[in-house]
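The values are calculated or read from the model by the stated rules, or taken from the named source; none is laboratory data. Since the structure is predicted, the reported quantities are computational estimates derived from the model, not experimental observations. Please note: Cβ atoms are built from the backbone with ideal geometry, for glycine as well, and neighbour counts cover all protein chains shown. All accessible areas refer to the heavy atoms of the entire protein, side chains included, with ligands and DNA or RNA removed. Shrake-Rupley method; radii C 1.70, N 1.55, O 1.52, S 1.80 Å.
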Amino acid sequence: MAGDRALPGGRAGVTLSAVSVSHPGNSGTEYIRPYGGLAGALRAGLRSAGLVVVTLVTLLTWGLLALWPRDAAGRAALRRGVSRRWAATCCRVMGARVRVQGRPPAGPGFLVSNHVSYLDIPVLMSLTGCSFVAKREIADWPVIGWLARVGGTLFVNRSGGRDTAQTLQQMHASRERGDLVAFFPEGTTSDGRGVQPFRSGLLALASDHGVPVEAAAVRYSTAAEVDPRLALAWTGQQDFVPHAWRVLTLPGFEARVSLAEATLMASDRKLLARKLHGAVSDLHAGLDLPEARPLPGGDAAGD
């Protein structure tokens, strides 16, 4: 079933529509049509090519730098630096303007955030060079899964059990190498209007060993005629490639990130999850205020 409706906040003379698609077991997923007609398609094509070039150059650079002998900590530091620069460049190519409130953590440690879209990954990585914990299915995605492994991503089976314990061991090893390990305790994406309850499984390492956890919140905004909930949030049953293409047709968007001033600790993982959820919710609500500042060197002009 499909139907169109006008988007709120449109400018005079500008028409966009939302499409609602129903899936088995799902009440419906809404998203915008590709933006800007032929101009939008050309913009998306050029940006896609740019992302490929940036990624290939980064992989070549990483390969050459990795030839120099380094210990495990040195290789991890190199990966963080290369990852941060790759992500920042990708954000600029996509037309993303990253604005940050607070000081990005350097690690080692853990970072949690709300989860709106796969865009959260380059946005947070551009600030910190962090590695991520992702669902195991991503490891099998063509190209993206391989790139995620190269970037130090850890994969977890959401069914829990022995796989979760193995992931916790990998998280501990990454932290020991000096990494900032980021993950999304919501366990899924939202439309960006609020913060869903946090799962506590991956917080066991922090609670058991007394490791402080950093908190962040991410929020997106777009041009007046585009609803970011429909344009940027990756929710429901949306396929990755069509959604990414629609994002790349946009003239640009803003990613606002707020980082907590203080870290949080608790000896009980469920208590820690509640404390972090409260902190992220407060940060997220604060992003309604125009206090975020542009990241130095991280602005990206739209096409």
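Going by accessible surface with a 1.4 Å probe and the largest first, Lys270, Lys135 read Lys270, Lys135.
In units of the compact-protein estimate 2.2 N^0.38 Å, the stretch 69-205 shows a Cα radius of gyration of 1.02.
The distance between label points at Asp140 and Lys270 comes to 3.3 nm (points 7 Å beyond Cα on the Cα→Cβ vector). Separation of the stretch 80-102 from the stretch 117-190 is 18 Å, based on Cα centroids. Note on His209/Leu78: beta-carbon distance plugged into 1/(1 + (r/R0)^6) with R0 of 35 Å gives a FRET efficiency of 0.85. Shape class of the stretch 67-110 from the Cα gyration tensor (axes a ≥ b ≥ c, square roots of the eigenvalues): oblate, since a/c reaches 1.5 or more and a/b does not exceed b/c. Accessible surface calculations at 1.4 Å, restricted to protein heavy atoms, place the stretch 70-199 at 43 Å² per residue. Descending by average beta-carbon neighbour count within 10 Å, the peptides 204-214, 275-285 line up as 275-285, 204-214, the highest first. Run the accessible area of the stretch 32-178 with a 1.4 Å probe and give the carbon-and-sulfur part as a rounded percent. Using a 1.4 Å probe with all protein chains present, the stretch 32-178 comes out at 62 percent carbon and sulfur.
Evaluating 6.51 cos²θ - 1.76 cosθ + 1.60 at θ = phi - 60° for every residue in the stretch 66-72, the Karplus couplings come out as 5, 5, 6, x, 9, 7, 4 Hz, glycine and proline recorded as x.
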